[in-house]
Each structure stands twice: as C-alpha cells, then as structure tokens.
Amino acid sequence: MTRLQNKVAIITGASSGIGRAAALLFAAEGCRIVAVARGQAGLDALARDIGTAGGEIATLAGDVAGEDVAEAAVALAQQRFGGLDIAFNNAGALGEMGPAATVSRTGWQEAVDVNLTGSFLGIRHQVPAMIARGGGSILFTSSFVGHTVGFPGMVAYAASKAGLIGLMQVVAAEYGPQKIRANVLLVGGTDTPMGRQVITTPEMRSFVEGLYPLKRLAEPGEIAEAALFLASDASSFVTGSALAVEGGISINRT
Ligand code: NAP
C-alpha cells in the first residue's frame, strides 16, 4: 500500500503499544519513520521489524519532556530523509494516580511534562520544518479521559490530555494557512502496557470492557488505523478536530 509514499513521519512513543503499531502501519504504507522513545531496546526491535519488511527507519532514544529530543528528532528527519511531513506526538505518561487532593506536585508534573509540555516542545520544532516542506499533518494522542469522562483517580493525566485539545486547536488555526493540519485522537481503553497498568485484574478488565458498547478494549492497530487516516491525504479537509476512537464509551449508558 502507498497511502504515505515518500512521506517522513516522527512518531513518539514508538517502541510499544499504539506508537509501535502506527510505526509498522505507516512504514507499510511507504512512510519513512523517525521513532522516538526512551528505551533503545524497544526501538531496536521496531527497527528490525520495519527493516525486515523493507521499510526505512531511524531511531532516537530520549525523553520527550526535553526540548533537545524534539530538536534532534526533526534534525534526524531532515538529515536522514530530507524533511518532515507527519508528526505523531503520542508518547504518554499516566502520572500519579489517586484522588485529586492527594496527588503530589511531582506526580502531577510528570504527566504534564510528558503529555502536554512534550507535545508543545515537539511542535516548536515540527512546525518550522513542515513550513519549509510546504505543509504537513500533526497528530496528538489525547483521551476520552479528561474530555467526556471525569475518570476518578486520573487528575494529572486527564488535565494534561485535555490540554492537548486546546494546543491542537491553536496550532490548527495558526498554521492552516501554511497547509499544516492538526488533530487529536481521543483514544479509548487499548490493550497495551499502559492500559494494563490501569487495568490490573481480570475482574477489573471485565468491568471496564462492560463500559463500552462494543464490550471490549481496542487493539493498538485499531488506533493506528485512525492515526493513518489523520496523517494521510484521506483526511485533507480535517483539521482542528478531536476524533473519538474510543469504542463509544463516551455515549454509553447501558
Ligand atoms: P505503551 O504501550 O506503554 O507505550 C508508551 C510509549 O511511550 C512507549 O514507547 C514508551 O517507551 C514511550 N514513552 C513513555 N514516556 C516517554 C517519554 N517521557 N519520552 C519518550 N517516550 C516515552 O502505551 P500506549 O497505550 O501505547 O500509549 C500511547 C499513548 O496512548 C499515550 O499518550 C497514552 O496516554 C495514550 N492512551 C492510551 C490508552 C490506553 O488505554 N492504552 C487510552 C487513551 C490514551 P519508553 O518507556 O521506552 O520511553
């Protein structure tokens, strides 16, 4: 398939879960990948899988909460692959969980630093590179948590994910004239290591699955398909939107 032929994408959080699934799918669609995460081993495994399938990838190990990583990812895209067309700002952290009034300042800060500030630092470098390229598509991984559901115990996560919607809307409004589109995915419960950090027992899993009209969690590949839509020209008139890919949990009352 060639839906991203000759495109170059930065994907953060690419070593696991949704980011890894997106990297594999984008590469299969002809996209060259700059994969970012903290752990080199997961990036190496991804690089092997993409290389074996005939795709092209460069990896960068680092923390998205640092601006040096945002800058280096864009430089790598430009030096290795000639520019940047797509940025999937997907790396995320749960932060400290617990009742809002008990969460520590440090636990709050972790979620805000990775989820919100990390994305902001990303766009500071991604936008100029896309303007130089003549346009692009920026995606952020947000959540139904903090948008339509006040999920107990997730104050730092919810606030940081909600903040991404405001960030995305301003980027979409400001840089639309330069042919840069920006959108967020409102992701629902997905079977990934992070998902399994929240859902810790079979009983909890079956309770959570029951909250969804579809009575199940998502597979990472299902979220990656939605990311592909927003990254590709198939969504050429979609910008400033928060796309619900959450199995209907926000509308379910049964
Ligand atoms: P995952 O499988 O645990 O993957 C998280 C990825 O982010 C890993 O590659 C991890 O690699 C990377 N990462 C974490 N912190 C980082 C940091 N500070 N700097 C750079 N990379 C970092 O989880 P996932 O479910 O795919 O999560 C992807 C996104 O989906 C997150 O933004 C999450 O909030 C969102 N989301 C998930 C769910 C769900 O139910 N799973 C629901 C809604 C939204 P390293 O640890 O090696 O850095």
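What separates the Cα centres of segment 196-250 and segment 90-163 is a distance of 17 Å. Using Cα pairs closer than 8 Å and at least 6 residues apart in sequence, work out the relative contact order for the chain, in percent. Reported relative contact order: 19 percent.
The charge dipole of segment 192-254, taken about its Cα centre with unit charges on the Cβ of Lys, Arg, Asp and Glu (plus for the first two, minus for the last two), comes to roughly 260 debye. If you wrap the chain in the convex hull of its Cα atoms and look at it from every side, the mean projected area works out to 13.1 nm². Who wins for biggest fluctuation among Thr141, Thr192, Thr201 in a Gaussian network model of the chain, springs between alpha carbons below 10 Å? So, out of Thr141, Thr192, Thr201, the one fluctuating most is Thr201. Each of Ile251 and Gln40 was given a label point 7 Å from its Cα along the Cα-to-Cβ line. The distance between the two points is 4.8 nm. Taken one residue at a time, the phi angles of segment 235-243 give Karplus couplings (6.51, -1.76, 1.60, θ = phi - 60°) of 10, 4, 10, 9, 8, x, 9, 10, 8 Hz. Gly and Pro are set to x.
Each Cα pair under 8 Å and six or more residues apart adds its separation to the average, and for segment 5-114 the resulting relative contact order is 29 percent. For segment 8-246, carbon and sulfur atoms together expose 57% of the accessible surface, with a 1.4 angstrom probe and every protein chain in place. The mean sequence distance of close C-alpha pairs (under 8 Å, at least 6 residues apart), as a share of the length of segment 94-187, puts its relative contact order at 37 percent.
A Cβ-based charge dipole, computed about the Cα centre of segment 23-173 with Lys and Arg at +1 and Asp and Glu at -1, lands at about 180 debye. For Asp85, the accessible area of its heavy atoms, probed at 1.4 Å with every protein chain present, is near 20 square angstrom.
The values are calculated or read from the model by the stated rules, or taken from the named source; none is laboratory data. Because the structure is a prediction, the values reported are computed rather than measured. Ideal geometry is used to build each Cβ from the backbone, glycine not excepted, and the neighbour counts take in all protein chains shown. Keep in mind that these areas ignore ligands, DNA and RNA; they rest on the heavy atoms of the full protein, side chains included. Shrake-Rupley method; radii C 1.70, N 1.55, O 1.52, S 1.80 Å.
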